[in-house]
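Here is the structure we will look at, set down as structure tokens.
The values are calculated or read from the model by the stated rules, or taken from the named source; none is laboratory data. Since the model is a prediction, treat every value here as computed from it, not as a measurement. Reconstructed Cβ throughout: ideal geometry from the backbone, glycine too, with neighbour counts over all protein chains shown.
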């Protein structure tokens with residue numbers, strides 16, 4: 001079973017080496033790594049090129065203009081040849097060399113189409129120091145209406161479902177991952193499994209953690225739109241309850 005990991009990058013020179021290294025050291029042998037760069041103006045592409053020989057033909061990359069992060073993710077999905085697809089941000093890392101092996105084993109032993117687990121947030125370079133935990137342990141699809149979703153960087157999907165039910169809606173600037181998961185897990189009811197592992201260390205300061213305005217207003221607006229586009233009712237008051245879960249996560253980090 002081949003697993004494709006897609007990383008989208010733009011001016012990621014400060015962090016992408018850590019991301020690539022965390023994929024390179026994975027013990028699972030059938031890993032295809034795809035990096036989609038959006039014409040970076042720093043030395044991101046030079047760093048990617050340095051790693052190509054180390055992957056022995058398993059690292060593929062492109063660098064060209066795109067219309068946003070979800071357009072870039074879609075490019076990666078379209079060229080992926082794996083049976084399973086996961087997406088890892090260009091400033092995040094897998095926590096252990098065995099993560100992809102654990103993912104592959106779960107897909108083999110369970111009759112599932114989707115898998116997700118836990119991640120933790122970190123600051124700076126200390127990937128092992130948890131600032132806050134983000135767990136998929138208690139997630140159920142009905143929670144989408146209340147603004148709650150599984151951790152996207154831990155989200156693995158059988159490629160067939162992208163072919164069957166569509167890829168990311170690139171009209172979203174943020175929360176396109178939310179819309180896709182609503183579509184897959186709540187509308188199409190794909191069978192899923194929670195993997196009880198801290199899978200990813202996510203660096204604070206990414207596209208979804210930039211500012212209070214982004215968290216409260218832009219994210220909320222896009223979450224409501226994601227639900228309504230799939231004929232799922234929600235409203236601003238309902239999705240505001242997700243902040244309670246965030247507070248609990250910070251307490252239990």
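Miscellaneous remarks
- Note on segment 163-188: residues that are within 16 Å of residue 71 (Cα to Cα) and surrounded by 15 or more Cβ atoms within 10 Å (Cβ to Cβ) amount to 12.
- Residues in segment 218-247 that are exposed (fewer than 13 other Cβ atoms within 10 Å of the Cβ) and at pLDDT below 85: 3 in all.
- Residues in segment 88-107 that are at pLDDT below 95 and more than 20 Å from residue 14 (Cβ to Cβ): 0 in all.
- Selection status of residue 15, within 22 Å of residue 125 (Cβ to Cβ), surrounded by 15 or more Cβ atoms within 10 Å (Cβ to Cβ) and in contact (Cβ under 8 Å) with a residue 60 or more places away in the chain: yes
- Under the condition of being surrounded by fewer than 17 Cβ atoms within 10 Å (Cβ to Cβ) and closer than 20 Å to residue 153 by Cβ, the residues counted in segment 56-77 number 0.
- Scanning segment 19-55 for residues that are surrounded by fewer than 18 Cβ atoms within 10 Å (Cβ to Cβ) and assigned to a loop (DSSP other than H, G, I, E, B) gives 25, 27, 28, 29, 30, 39, 41, 42, 43.
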